[in-house]
Amino acid sequence: MSTSYDHVIVGGGMTADAAAKAIHETTPDATILIISADVDAPYTRPALSKKLWIDPDYTESDNDLGTVAESGADLRLRTLVESIDRDARTVTTSDGDTVGYGRLLLATGGSPTALDLPDDDRVLYFRTAADYRRLRELAGSGRHVAVVGGSYIGTEIAAALAQNDTRVTLVFPDDVLGASLLPAPIASVLDRTFEEARVELARGRRVESGTADDSGLHLVLDDGSALDADAVVVGLGISPDDGLASDAGLDVDDGIVVDETLRTSDPLVFAAGDVASYPDAILGRRRVEHVDNAKWQGAAVGRIMAGSDEVYDHTPYYYSKVFDISYEAVGTLDTSLETVLDDKGEGRAVAYYLGDEGVEGVLLWNVEGARDAAREVVRDCTPGDVELAGRI
């Protein structure tokens, strides 16, 4: 064993950043190591599909989280952790190093969903700052980019590209953009907004396969039609990177299973962020892939690793921004649930998603300052509460 640290963090995202800073704030003398497969120090991930494209005064340097300077952590980039020895309290890295830990945090995030597409640098499974930089190279000057996926990341990237001199085709399986997430009147607004921005909408379609040559990328859609583009961006969500935990004998189930203190089945090993399946105080066990959870859960697990006796009781929200539309949500957005739409006028609305146990999700469409109220509705409303209009 070449080195040993009080705290070792596996993963270099926003969760790792928040945890390292919280550890340092709680116990300034503790030693911290962050081991990251990324090529960049931790950065603000949401800006990769939003702010960096639409704010000319915001740069990649502004997007750096300043992790090392503010936490005192050592940072190893371009490094994978290949195994955990829980008896010896060590991790072994891809460069053959063995590192000891007092407490270990797994903030390994997830891997993007892949398609049957060629291994080509014009095909991006958009996830990292390096992906952002490469897409910048491929976009603009009227070039054509096909974006696959009509949910959060797909719509954000499509909107960002359309605002940066790029022809965009958005491929998604719904008949109306956002129809699986948003009540029909709101989905129609989203769909129309993209049309008006001259985004070509390949509605009701999925990508079956693709090829590449010197002229570009050639996609085959599920109806047999062809779509040619200069580049392809895939935004179809992620699968949790819980293999390292599973190989170490920790409990996994669509993520690394943790308790309310974010401990795994080993009390010296913690998990947080996209990869953690945790018991939400309001919504029950879930795994959340959004920045609010990464920041709050990361900070909480850092304090807990440093000795706090707190529990993680924050119910996160998530948000998106495309063109002049902003929306936030708490809980589950799924139009297979019964929905109640409260139109506030002037392009503003609140939607409630009803399940067997009551309100399972709240959508705040161009409505600001209502996250806590949305949490209260999800927490307090029972199946018998039918008068939802006006609650928020």
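Observations on the model:
- The fewest-to-most ranking of Ser239, Ser94 by surrounding Cβ atoms within 10 Å reads Ser94, Ser239.
- Only beta bridges with both residues in the chain are counted; by DSSP, about 60 percent of them are antiparallel.
- Highest mean first, the peptides 187-194, 149-156, 84-91, 287-294 sorted by other C-beta atoms within 10 Å per residue fall in the order 149-156, 287-294, 187-194, 84-91.
- Choice from Ser71, Ser209, Ser141 with maximal GNM fluctuation in the chain (Cα, 10 Å cutoff): Ser141
- Computing FRET efficiency as 1/(1 + (r/R0)^6) for Asp228 and Ser336, where r is the C-beta to C-beta distance and R0 is 30 Å, gives about 0.30.
- For the stretch 171-201, applying the loop criterion from DSSP together with a ceiling of 13 other beta carbons within 10 Å to the GluC sites (Glu not before Pro) yields no site.
- Antiparallel DSSP beta bridges within the stretch 114-234, as percent of all bridges there, nearest 5: 40 percent
- Packing rank of 8-15, 223-230, where each peptide gets the mean count of other beta carbons within 10 Å, highest leading: 8-15, 223-230
- Ranked Ser61, Ser326, criterion: other C-beta atoms within 10 Å, fewest first: Ser61, Ser326
- The length gained by stretching the chain between Tyr58 and Leu80 to full extension, at 0.36 nm per residue less their Cα-Cα distance, is 4.9 nm.
- Take 329-338, 37-46 and order them by the average number of nearby Cβ atoms within 10 Å per residue, most first; the result is 37-46, 329-338.
- Total lysine pairs in the chain at Cα distances under 21 Å, for residues eight or more apart or on different chains: 7.
- Length-normalised contact order for the chain - Cα pairs under 8 Å, 6+ apart - percent: 15 percent
None of the figures in this text is laboratory data; all of them are computed from the coordinates on show. Just so it is clear, the structure is predicted and the values come from calculations on it, not from any experiment. Glycine also receives a Cβ, built like all others from the backbone with ideal geometry; neighbour counts cover every protein chain displayed.
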